[in-house]
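Asker: Sharing a structure below in structure tokens format, with a few things to ask.
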Amino acid sequence: MSPTLTRLLIRLYPRPWRDRYAAEFTALLETWPTTPRTAINIAWSALHERIAPTQGAPMTTPPITFGAITRKPSAYLPIVLSLIALTVVLTAVALNGGVVHEADEGAAAHIWQILMALQLPILLVFAIKWLRRSPRRAAQVLALQAAALAANVAAVFFLT
């Protein structure tokens, strides 16, 4: 890659990044062939570095595993709340012997509604925090949380 293009591409990165990596990156780029794809990839990486900087993050940070994410409260609390809500629905159906149609929905229905509504802000916090850090693992946990929500909605739909 030409020295002029190399300097231009490195200038796209933020100053802290350049202070740390410019010499190594320059040496690397001088050995690569110049292609439009390489230049676009470097420009895209520079934009990403300006949005979500890696400066200060240790380079040896272990990858985030599914088990590590599921141990976070924002990951397991919605699932626990869904299981409690499902238990409330199944218990109410078992105790009443089926569907009871009343003007007031009853305590079980109100508890179920509160438990389901309580999950939404926790899900939002989880998505905001983890989708950027580890998109694949966070999507897996969100799918598990969505399955727990769907099980609740299906139980209410089919059993009441």
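What follows draws every value from the coordinates through simple rules; no lab data is involved. Because the structure is a prediction, the values reported are computed rather than measured. Every residue, glycine as well, gets a Cβ built from its backbone with ideal geometry; the counts of neighbours run over all protein chains shown.
Asker: Given a cut-off of under 8 Å on Cα pairs at least six residues apart, what relative contact order in percent is computed for the chain? Mind dumping the intermediate values first?
Answerer: On the way: 108 pairs, mean separation 41.3, N = 160.
Worked out over the chain, it gives 26 percent.
Asker: Starting from the Cα-Cα distance between Arg136 and Leu83, subtract it from 0.36 nm times their residue separation and give me the gain in nm to one decimal.
Answerer: On the way: separation 53, 0.36 × 53 = 19.08 nm, distance 2.41 nm.
Taking 0.36 nm per residue and subtracting the Cα distance, the gain is 16.7 nm.
Asker: Another question about this same structure. Work out the charge dipole of segment 66-159 with +1 on the Cβ of Lys and Arg and -1 on the Cβ of Asp and Glu about the Cα centre, then indicate which of Ser134, Leu81, Trp112 is farthest towards its positive end.
Answerer: It is Ser134, whose Cα lies furthest towards the positive end.
Asker: Taking the chain as a Gaussian network, where each spring joins two C-alpha atoms under 10 Å apart, which residue of Leu149, Leu83, Leu95 fluctuates the most?
Answerer: Answer for the Gaussian network model of the chain: Leu95.
Asker: Based on C-alpha coordinates, I'd like the Rg and Dmax of segment 15-160, in Å.
Answerer: Cα radius of gyration and Dmax of segment 15-160 are 24.2, 77 Å respectively.
Asker: While we're on this one: Please list, in order along segment 118-135, the HN-Hα scalar couplings obtained from phi with the Karplus expression 6.51 cos²θ - 1.76 cosθ + 1.60 (θ = phi - 60°), rounded to whole Hz, x for Gly and Pro.
Answerer: With the stated coefficients, segment 118-135 comes to 5, 6, 4, x, 5, 4, 5, 4, 4, 4, 5, 6, 9, 5, 7, 6, 8, x Hz.
Asker: At a Förster distance of 35 Å, what's the computed FRET efficiency of His48 paired with Ala147, Cβ-Cβ distance as r, to 0.05? Before the final figure, lay out each step's value.
Answerer: Values: r = 32 Å, r/R0 = 0.90.
Approximately 0.65, to the nearest 0.05.
Asker: Using a Gaussian network model of the chain with C-alpha springs under 10 Å, which one of Trp32, Trp17, Trp130 is most mobile by mean-square fluctuation?
Answerer: Trp32
Asker: Now for a separate question. In sequence order, what are the phi-derived ³J(HN,Hα) couplings for segment 143-160 according to the Karplus relation 6.51 cos²θ - 1.76 cosθ + 1.60 with θ = phi - 60°, rounded to whole Hz, with x for glycine and proline?
Answerer: 5, 5, 5, 5, 5, 5, 5, 5, 4, 5, 5, 5, 5, 5, 5, 8, 9, 10
Asker: Using only Cα atoms, what is the ratio of the radius of gyration of segment 3-51 to 2.2 N^0.38 Å? Working shown, then result.
Answerer: Values: Rg = 10.1 Å, N = 49, 2.2 N^0.38 = 9.7 Å.
Rg over 2.2 N^0.38 Å, computed on Cα atoms: 1.04.
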